Amino acid sequence: MSLGDILARLRQKGGGNSHVTSAQRIREAIISILQKQRLFGEVLLQLPRENDLQLPAMMGLRWEDNRLVLVINPEKLANVRNDELQSLLEHEALHLIWMHPLRYASYPHQNLVQIATDVAINQYLTEPPQGTVTLSQLEKVLRQKLMPKLDSQDYLNILEQLPAKQQEKLHQPGLKLNGSKQKGNATADEVKKADTHNGWQESKTSQQISNQIVRLANIKRILNNSWRQTPQRDRGLLPGNVKSQLQKVQKTKIVDWRQVLRHQFGVIVRGQVNSHARFNRRQPLRMDLPGKVTRLDPAVDIFVDNSGSVTDQELVQTLTTLEKMLKKTKLTANVYSFDARVTAKQKLHDGKKIDFRRTGGGGTSFQCIFDYLHLHHLTKRNRIIIIITDGWGEERINNYHYQNVYWLMMTKANQLSVKEPPGRVLEMRG
């Protein structure tokens, strides 16, 4: 469908009433966005919309039956200028493009999530919506320069490492992030009234882990359709990081992870070291020459992401499969849980029934894995590191030269957030 056809249909839906409703204003705003930034408009076209007079902000994204809905408070939109409305809609589209409602659905520090995600996406808008946080505002409060165009997880890591008093300063009643005081006794919620992230959060009764796969599929469907509907000339107008994010949705070649790891376990077993406790086979009479012995030290470490989009049953089945591989090669492994830090450890070896349980449940940091290996002085030689994850974390890590790493993805291989990851990225499903 051409852009002209889309615009005509949107205008037709507006009806003939002289009174301009919020729904009509939304349609007109999307028409303007389609003409200016086609992809954002295509994303907004596919989002279901509904009104909610109880919404504490002008609009926000909310999970309903594992699909995202754009929720609008018509009363709060009444006094918003058209250009501000367009900016706010583009803001919501960018949240969806970076999958923020999915990535941070169960994150414990939602107040910091709001700041980090707003700072990340507002850098791609000419005029960010009033009441949302910008990079320059955050820099003024922290009194330090921050790298531009980072992922939201990178900004979140910075905020989480702040002292408690400085974190509290970000949310003091009546204090804007640009440092100026509000008149009266305005609360922080009233200051941030343009956009709400409340709809991202998981309720205590929901089945977040089992729903994650369905929600991911629904978001990817929207993004794939939007990308296909965007002409090549309009794609060229997209910022590089936005284009890169959308291209991650493309299909990747699936490799059988079991076959790859089975081979690697065999390589460890075949690895031999010199030992004077064994005769040299070629020159058995030369007692000064060492022989070769097989090195069977436990050298497999498995790290399991607590925030992953896989059920406990599927996770146990995966670990059981790994246990069978290890049994054949007479190797043992350490199994760790991790989120923002390594939280638990148990042995996986022949004769012991696997009883893996998630612990923690906060945001994901891959850096904590390599920090743990480095701090515990675990050797790099003859060691396999397996990371079972959904891939959402930071973009840059220091791997301390650990290279024999296998990223076992619960999602698609191209969903791994780490740029130029050490080792090899494999898909668990396929």
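If R₀ is 25 angstrom, what is the calculated FRET efficiency for the pair Lys36 and Glu160, using the beta carbon separation as r and rounding to 0.05?
The value I calculate is 0.10.
Taking θ as phi - 60°, what are the ³J(HN,Hα) couplings along the range 37-54 by the Karplus curve (6.51, -1.76, 1.60), each to the nearest whole Hz, with x for Gly and Pro?
In residue order, the calculated couplings are 9, 3, 4, 4, x, 5, 4, 5, 4, 8, 7, x, 10, 8, 9, 8, 5, 8 Hz.
Mind giving me the nanometre distance, one decimal, between the label points for Lys169 and Val214, set 7 Å out from Cα along Cα→Cβ?
Here the modelled spin labels are 4.5 nm apart.
So for the pair Arg381, Glu50, with labels modelled 7 Å out along Cα→Cβ, what separation do we get in nm?
Once both label points are built, they end up 6.2 nm from each other.
Counting other C-beta atoms within 10 Å, and keeping those with at most 14, which DSSP coil trypsin sites (Lys or Arg not before Pro) do you find in the range 29-128?
Sites meeting the loop and neighbour criteria: Arg81.
For the range 10-162, what relative contact order do you get, as a whole percent, if you take Cα pairs closer than 8 Å and at least 6 residues apart?
Rounded, it is 16 percent for the range 10-162.
Longer than 31 Å from Cα to Cα, which of Lys149/Lys193; Lys149/Lys169; Lys328/Lys412; Lys149/Lys347; Lys248/Lys330 are they? Say none if no pair is.
From Lys149/Lys193; Lys149/Lys169; Lys328/Lys412; Lys149/Lys347; Lys248/Lys330, over 31 Å: Lys149/Lys347; Lys248/Lys330.
Determine, for Thr126, Thr321, the number of other Cβ atoms within 10 Å of each Cβ, and report the residues in order from fewest to most.
In increasing order of surrounding Cβ atoms, one gets Thr126, Thr321.
Provide the FRET efficiency to the nearest 0.05 for the Ala23-Leu146 pair, computing r from the beta carbons and using R0 = 41 Å.
0.60
For Asn51, enumerate residues with amide H under 5 Å from its amide H, sequence gap 5+ or separate chain, H modeled in the peptide plane.
Ile72
Compute the distance from the alpha-carbon center of the range 375-399 to that of the range 101-139, in whole Å.
With the range 375-399 and the range 101-139 each reduced to a Cα centre, they are spaced 28 Å.
Given labels modelled 7 Å from the Cα in the Cβ direction, how far is it in nm from Gln232 to Tyr400?
Taking the two extended label points, one gets 4.8 nm.
So for His263, His374, fewest C-beta neighbours within 10 Å to most, what's the order?
Ascending number of Cβ neighbours within 10 Å: His263, His374.
For Lys345, Lys412, what's the fewest-to-most ordering of other Cβ within 10 Å of each Cβ?
In order of increasing Cβ crowding within 10 Å: Lys345, Lys412.
Return the long-range amide H neighbours of Ile387 (sequence gap of 5 or more, or a different chain), with a cut-off of under 5 Å between placed amide H atoms.
Hits under the 5 Å cutoff: Phe303, Tyr406, Trp407, Leu408.
For the range 399-411, in order, what is each residue's ³J(HN,Hα) by Karplus, 6.51 cos²θ - 1.76 cosθ + 1.60 with θ = phi - 60°, in whole Hz (x at glycine and Pro)?
8, 6, 6, 6, 10, 7, 10, 10, 8, 9, 8, 6, 10
Quick note: the coordinates plus some simple rules give every number you see, no bench work behind them. A quick note: this is a predicted structure, and the numbers were derived from the prediction, not measured. With ideal geometry, Cβ positions are generated from the backbone for all residues, glycine too; neighbour counts draw on all protein chains shown.
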